[in-house]
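Okay, structure first, notes after.
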Amino acid sequence: MQTTPKPKQRDAEATRKRILAAAKKEFAKSGLGGARVDDIAERANANKRMIYHYFGGKEDLFQAVLEEAYTDIRTAEQKLDLDRLPPREALETLVRFTWDYYLKNPEFITLVNSENLHRAKHLKKSEVIPVVSRRFVSMVKTLLDRGVAEGVFRPGIDETQLNITIAAIGYYYLTNRYTGAIVYDRDLMAKDALEQRVDFNIDTVMRLVCLEP
């Protein structure tokens with residue numbers, strides 16, 4: 001028989017979620033070094049003692065934020081249910097999803113940038129990241145194997161390399177949008193520019209993977 005959570009349990013979960021949400025915004029804005037626990041507490045409508053109680057300290061809180069960010073995107077990818085789609089359509093869906101996710105969740109890119117500055121020292125300690133990452137890589141491998149079996153994908157494509165390429169062609173464009181606007185003399189974030197970019201991303205990956213793009 002399922003029991004209803006006690007009010008204190010619900011309050012604790014709500015406080016923890018508020019702290020994580022506030023920390024995500026502060027870390028995305030200021031990075032690990034620039035973010036202040038006082039600011040996170042104020043934004044979360046909590047006190048510093050609660051942050052230390054739930055997360056230990058700023059470093060541990062940053063790791064928790066990273067784990068949540070990666071888990072969110074990996075969970076959203078699983079919900080695409082690519083196995084129900086023909087291989088070509090599934091691959092296009094994944095490329096388009098990745099692009100749209102980066103656009104809708106700019107904090108994710110900023111957090112990843114910040115963690116790379118710290119040489120992934122927080123992710124190295126995480127027990128969550130390897131699990132969700134293996135699940136995603138396995139999903140793409142299954143898609144590639146299915147496409148090869150059906151005669152639409154080239155054999156021998158490494159799923160990890162493909163994952164990196166799909167991420168990179170969207171990630172680089174967005175992280176360099178300000179300098180790129182100067183170098184290429186165009187508004188890279190204009191609606192038509194974004195539509196052109198996702199079309200180009202899809203075409204690039206299809207030419208890489210498909211026997212007949």
Quiz item: Residues in segment 80-96: is at least one under 24 Å from K25 (Cβ atoms), in the same structural domain as N201 (by TED's automatic domain parsing) and at pLDDT 95 or above?
Solution: no
Quiz item: Do you know which of the residues in segment 122-181 that are of a type in the set (G, A, S) and touching a helix residue (DSSP H, G or I) at 6+ places or on another chain (Cβ under 6 Å) is farthest from I73 (Cα to Cα)?
Solution: G147
Quiz item: From the list K17, K25, which one is within 16 Å of N105 (Cβ to Cβ) and assigned to a helix (DSSP H, G or I)?
Solution: K25
Quiz item: Which condition number in (1) more than 20 Å from D81 (Cβ to Cβ); (2) in contact with a Ser or Thr (Cβ under 9 Å, 6 or more places away or on another chain) is the one that A168 fails?
Solution: (2)
Quiz item: Can you tell me how many residues in segment 181-213 are of a type outside the set (A, V, I, L, M, F, W, C), surrounded by 11 or more Cβ atoms within 10 Å (Cβ to Cβ) and in a helix (DSSP H, G or I)?
Solution: 6
Quiz item: Is it fair to say L117 is farther than 17 Å from R84 by Cα and either at pLDDT 95 or above or of a type outside the set (F, W, Y) (or both)?
Solution: yes
Quiz item: Looking at this structure, is Y178 exposed (fewer than 13 other Cβ atoms within 10 Å of the Cβ) and part of a helix (DSSP H, G or I)?
Solution: yes
Practice problem: Can you confirm whether segment 158-175 contains a residue that is among the β-branched types (V, I, T), part of a loop (DSSP other than H, G, I, E, B), in contact (Cβ under 8 Å) with a residue 12 or more places away in the chain and surrounded by 11 or more Cβ atoms within 10 Å (Cβ to Cβ)? | Solution: no
Quiz item: Of the conditions (1) touching a residue at least 60 places away in the same chain (Cβ under 8 Å); (2) over 24 Å from V209 (Cα atoms), Q78 fails just one. Which one is it?
Solution: (2)
Quiz prompt | Selection from segment 94-124 of residues that are in a loop (DSSP other than H, G, I, E, B) and either among the hydroxyl-bearing types (S, T, Y) or surrounded by fewer than 19 Cβ atoms within 10 Å (Cβ to Cβ) (or both) | solution = N105, H118, R119, A120, K121
Practice problem: Name the single residue, out of those in segment 137-166 being basic (K, R) and under 26 Å from the mean Cα position of the chain (by Cα), that is farthest from T98 (Cα to Cα). | Solution: R146
Quiz item: Can A90 be described as in a helix (DSSP H, G or I) and out of contact with any Lys or Arg (no Cβ under 6 Å at 6 or more places or on another chain)?
Solution: yes
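The values are calculated or read from the model by the stated rules, or taken from the named source; none is laboratory data. What you see is a predicted model; the values in this text were computed from it and never measured. We place every Cβ from the backbone using ideal geometry, glycine too, and count neighbours over all the protein chains shown.
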